[in-house]
Amino acid sequence: MTVAGVPPAPLPADQAIVRLQEGNRRFCQNVRSLDVAVGQSARASLVAGQHPFAVILSCSDSRVPSEIVFDQGLGDLFVIRVAGNVVAPSLVGSVEFAAATFGTRLAVVMGHSHCGAIKSTLDFIQHRVGAPSDNIYDIVERCRPAVESVVHAAGANADRERLMHEAVRANVRQSCAHLRHGSRLLERLIQEGGMRIVGAEYSLETGQVDFFEGLER
């Protein structure tokens, strides 16, 4: 129960992960929670402020809307979307803003199967297929170190589908590491404030989100 005018206490990271997992389970079962805040009354209640319980840094792909995938409502998630779920200074700043302003203690970097940015990066590495613009090339360059590590480890005869799967996850791990170690604010919150940064992959085929990075203590 919250007191009028007093913001709710931040949800601990472990509880936030469970809430996301439960929401994704409902989504996969084609069930929507009656407690999800949507509609006019929800909009009205959020005019004065927001208290998102998790930050989701995900790909811009139209098939991966975080609020739907996790069965959450207005004001629940602070969503940052960028092709390839890459990390650049403004994106780090967005995560910092949520953590510092709202007390949000969980940040999830979520990639997805069949990611176009990862495919473009693989095409560039393996076949020197160029990007259609300098800005798109910048995204490829940000994905490139993680994807190259997978390509080099797999060897010349690696299966393309397997490469895609491993590259998506390597790119998520790279973005998680960038958030953990590329911000003094986030480093401090991780060490002293209960902040957690975890990685996940959304399956376009099943709708399931697999949290695979950073769950361990």
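The values are calculated or read from the model by the stated rules, or taken from the named source; none is laboratory data. Every value quoted in this text rests on a predicted model; they were computed, and no experiment measured them. Because the Cβ atoms are built from the backbone with ideal geometry, glycine has one as well, and the counts that use them run over all protein chains shown. Ligands, DNA and RNA are stripped out before the accessible areas are found, and what is left, the full protein with its side chains, is counted by its heavy atoms. Shrake-Rupley method; radii C 1.70, N 1.55, O 1.52, S 1.80 Å.
Once you list every other residue whose beta carbon is under 15 Å from the beta carbon of Val95, what net charge do they have if Lys and Arg are +1 and Asp and Glu are -1? For residues surrounding Val95, the net value is +4. For the chain, adding -39500 (n - 2.57) for each run of n ≥ 4 DSSP H residues and dividing by the number of residues yields -15500 deg cm²/dmol at 222 nm.
Taken one residue at a time, the phi angles of region 113-129 give Karplus couplings (6.51, -1.76, 1.60, θ = phi - 60°) of 5, 6, 5, x, 5, 5, 4, 4, 5, 4, 4, 5, 5, 7, 10, 6, 6 Hz. Gly and Pro are set to x.
Applying the Karplus relation 6.51 cos²θ - 1.76 cosθ + 1.60 with θ = phi - 60° to region 163-175 yields 3J(HN,Hα) values of 4, 4, 4, 5, 5, 4, 6, 5, 5, 4, 4, 4, 5 Hz, where x marks Gly and Pro.
Name the shape class, rounded, prolate or oblate, that the alpha-carbon gyration tensor gives for region 7-74, where a ≥ b ≥ c are the square roots of its eigenvalues, rounded holds for a/c under 1.5, and otherwise prolate holds if a/b is larger than b/c and oblate otherwise.
Note, shape of region 7-74 comes out rounded.
Electrostatic tally near His112: other residues with Cβ closer than 9 Å to its Cβ, Lys and Arg +1, Asp and Glu -1, net -1. Between Arg43 and Arg184, the distance separating the two model label sites (each 7 Å from Cα on the Cα→Cβ line) works out to 4.2 nm.
Residues whose amide H comes within less than 5 Å of that of Glu213, counting only those at least five positions distant or on another chain, are Gly199 (H built at 1.01 Å from N in the peptide plane). Each of the GluC sites (Glu not before Pro) that DSSP puts in a loop and that has at most 11 other Cβ atoms within 10 Å breaks the chain; the longest unbroken stretch is 1-204. Given a 1.4 Å probe and every protein chain left where it sits, what share in percent of the accessible area of the chain is carbon and sulfur? With neighbouring chains kept in place, the figure for the chain is 52 percent.
Here the Karplus relation 6.51 cos²θ - 1.76 cosθ + 1.60, evaluated at θ = phi - 60°, turns the backbone of region 105-112 into coupling constants of 10, 10, 10, 10, 9, 10, x, 7 Hz, with x for every Gly and Pro. Between Phe212 and Gln15, what's the calculated FRET efficiency when r is the beta-carbon distance and R0 is 30 Å? Round to 0.05. Here the calculated transfer efficiency is 0.95. Put simply, the amide H of Gly207, placed in the peptide plane, has no neighbours under 5 Å, leaving out anything fewer than 5 places away on its chain.
For the chain, give me the percentage of DSSP beta bridges that are antiparallel, rounded to the nearest 5 percent. Of those bridges, close to 20 percent are antiparallel. Rolling a 1.4 angstrom probe over the protein heavy atoms with all chains in place gives region 18-161 an accessible area of 51 Å² per residue.
Over the chain, Cα pairs under 8 Å with separation of 6+ residues give a relative contact order of 23 percent. One Cα centroid belongs to region 116-177, the other to region 26-79; the line between them spans 30 Å.
Under the criterion of Cα pairs below 8 Å and six or more residues apart, the relative contact order for region 1-100 equals 29 percent. Residues whose amide H falls under 5 Å from that of Arg196, counting only those 5 or more places apart or on a different chain, are Leu106, Ala107, with hydrogens built in the peptide plane.
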